[in-house]
Each structure stands twice: as C-alpha cells, then as structure tokens.
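Each remark here refers to the structure printed beneath this line.
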Amino acid sequence: MAEDQGSSERELKFANVEHSVLRERLIDLSAECEGSGAHEDNWLFDRDGQLSEAGHVLRLRVDRRGTSLTYKGPAKFDGKVKVREEHETSAGDAKKMRAILEALGYKVVGRYQKIREEWRLGSIVIALDHTPIGDFAEFEGPDCERVAKRCGFDPETAERRSYLRLYADHRQENPDSPPHMAFTD
C-alpha cells in the first residue's frame, strides 16, 4: 500500500446492483479482476462530533492489503460524481492504531463491513461491494462517469450517501437492526 494514495477521490456509487451482470460486463470490456471476495472491516472515528459536523471522515480499515488510516474531506459534487480530498496511509497494527486514536480522544462512531471484489478498467477501479444491507458498485477514478455508463449505469441514479448514512437510514426503517452494519460483531 502506498504511503499516501492520491489527494482527490472521484466516485460514483450505485445501489441494488446485480453483481453477476456487472461482472460479465466487466469481462466483456476486458477489465482486470484485482481481488475477489475480500472482507473489509471499517471503523469511523470522531471526537465530540467535530469531524462529522465539518463533513470530515477519519477511517481505520482492515482488508486483504492490511490496515490503513484514511482522512476524507467534505464531499462536493461534480454533477453526480462525489469528489473528496483523500489521504491514506498504511497503519500497521489495527489494535494499536485504534488505541492511539482513542488515546487522542477519538471514539468509534460507526462501523461497517463489506465483502469487496475489485476490478480495474484503465485508471478506474470498480468495486463490487456485498454488504449486510445489499449489493453496491462503486466506480472510482478520473473518468468514472464514462466507465459507469459503459457498464450500463445512469450517473443520474448514483447514490450520494455514504455507507454509514445508508445504514443510519436503514436503522430508522428497521429499528431492530444491529447498531453497526456488520456481518459479525
């Protein structure tokens, strides 16, 4: 994992995606599968609501590549494309990094898990995400709208909400749902 991957994220996210159909389209377009079925565990941190009030995100992620710490700035939209400042670095031991964040006064304010399959078509990364609340696809990169269209998606129908916001809305409709969007505790 690079020490700082990019400084700007451009992303389109789509809900209720039939992964088998999208996977076939990606194969037709000669996209390359970069990883399948990898479990991700994501913890979001905040200190007294300071980050969320300003639209910032501080995330600790554990996935097939290891542990990473990510900062995301407030979301802006270029049409339907979500654009955010993003800085990510490897974080070594997840438990130790979490302890450091908590010692600095940050608390876990959300958690979400997903099983991610990643594809690449040129400079665009296409993620097929299976979550406890359904299947999604994310197109990330400088020309994500064009690639999403080539895969049969209408950018006008892109989901603007984060996984954390989607799950909060899900919990309002399903109050007996677990506190976090996770397959396991």
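The values are calculated or read from the model by the stated rules, or taken from the named source; none is laboratory data. Given the structure is predicted, the values throughout are model-derived calculations rather than measurements. Cβ sites come from the backbone with ideal geometry, for glycine too, and all protein chains shown count toward neighbours.
Checking LYS80, LYS76, LYS13 one by one, the residue that is closer than 23 Å to GLU145 by Cβ, of a type in the set (Lys, Arg) and exposed (fewer than 13 other Cβ atoms within 10 Å of the Cβ) is LYS76 and no other.
The set of residues from region 133-185 being more than 22 Å from LEU29 (Cα to Cα), basic (Lys, Arg) and not in a loop (DSSP other than H, G, I, E, B) comprises ARG165, ARG171.
Hey, could you check region 103-115 for residues that are under 17 Å from PHE45 (Cα atoms) and in contact (Cβ under 8 Å) with a residue 60 or more places away in the chain and say which is surrounded by the most Cβ atoms within 10 Å (Cβ to Cβ)? I'd like the intermediate steps shown before the answer.
Going through region 103-115, the residues under 17 Å from PHE45 (Cα atoms) turn out to be 103-113.
Filter once more, keeping what is in contact (Cβ under 8 Å) with a residue 60 or more places away in the chain: 106-113.
Values: TYR106: 20, LYS107: 11, VAL108: 14, VAL109: 15, GLY110: 21, ARG111: 19, TYR112: 23, GLN113: 19.
Out of the qualifying residues, it is TYR112.
In this structure, is GLY92 under 24 Å from SER8 (Cβ atoms) and assigned to a loop (DSSP other than H, G, I, E, B)?
Numbers: under 24 Å from SER8 (Cβ atoms): no; assigned to a loop (DSSP other than H, G, I, E, B): yes.
When the stated conditions are applied, GLY92 does not pass them.
Applying the selection to region 128-145, what residues are modelled with pLDDT of 95 or more and of a type in the set (D, E, K, R)? Within region 128-145, ASP129, ASP135, GLU138, GLU140, GLU145 qualify.
Looking at TRP43, is it in a strand (DSSP E or B), modelled with pLDDT of 95 or more, among the aromatic types (Phe, Trp, Tyr) and within 30 Å of ASN174 (Cα to Cα)? Don't jump to the end; show me each part of the working.
Values: in a strand (DSSP E or B): yes; modelled with pLDDT of 95 or more: yes; among the aromatic types (Phe, Trp, Tyr): yes; within 30 Å of ASN174 (Cα to Cα): yes.
Yes, satisfied.
Close Cβ contacts (under 8 Å, 6 or more residues apart or on different chains) running from residues in region 84-102 that are in contact (Cβ under 8 Å) with a residue 12 or more places away in the chain to residues that are among the hydroxyl-bearing types (Ser, Thr, Tyr) and loosely packed, with under 15 Cβ neighbours inside 10 Å comprise ARG84/SER8; GLU85/SER7; GLU85/SER8; GLU86/SER7; GLU86/SER8; HIS87/SER7.
Name the single residue that is surrounded by the most Cβ atoms within 10 Å (Cβ to Cβ) among those in region 16-40 being charged (D, E, K, R) and not in a helix (DSSP H, G or I).
From region 16-40, those charged (D, E, K, R) are 18, 23-25, 28, 32, 34, 40; that's our starting set.
Now narrow it down to the ones that are not in a helix (DSSP H, G or I): 18, 32, 34, 40.
On the way: GLU18: 11, GLU32: 11, GLU34: 13, GLU40: 17.
Residue satisfying both the conditions and the ranking: GLU40.
Yes/no matrix, rows are residues, columns are (1) more than 25 Å from LEU44 (Cα to Cα); (2) hydroxyl-bearing (Ser, Thr, Tyr); (3) free of Cβ contacts under 8 Å to residues at least 12 places away in the same chain:
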residue: GLU117; (1), (2), (3): no, no, no
residue: SER123; (1), (2), (3): yes, yes, no
residue: ASP129; (1), (2), (3): no, no, no
residue: PHE139; (1), (2), (3): no, no, no
residue: ASP143; (1), (2), (3): yes, no, no
residue: ARG146; (1), (2), (3): yes, no, yes
residue: PRO155; (1), (2), (3): yes, no, no
residue: TYR167; (1), (2), (3): no, yes, no
residue: PHE183; (1), (2), (3): no, no, no
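For region 141-156, a residue qualifies if it is in contact with a strand residue (DSSP E or B) (Cβ under 7 Å, 6 or more places away or on another chain) and of a type outside the set (A, V, I, L, M), and the qualifying residues are GLY141, PRO142, ASP143, CYS144, GLU145, PHE153, PRO155.
Results for (1) in contact with an Asp or Glu (Cβ under 9 Å, 6 or more places away or on another chain); (2) at pLDDT below 95; (3) more than 18 Å from HIS39 (Cα to Cα), shown as yes or no for each residue.
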site	(1), (2), (3)
ALA94	yes, no, no
ARG98	no, no, yes
LEU101	no, no, yes
VAL125	yes, no, no
GLY152	no, no, yes
SER177	no, yes, yes
PHE183	no, yes, no
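Among the conditions (1) under 20 Å from SER20 (Cβ atoms); (2) small (Gly, Ala, Ser); (3) part of a helix (DSSP H, G or I), the only one that ALA127 does not satisfy is (3).
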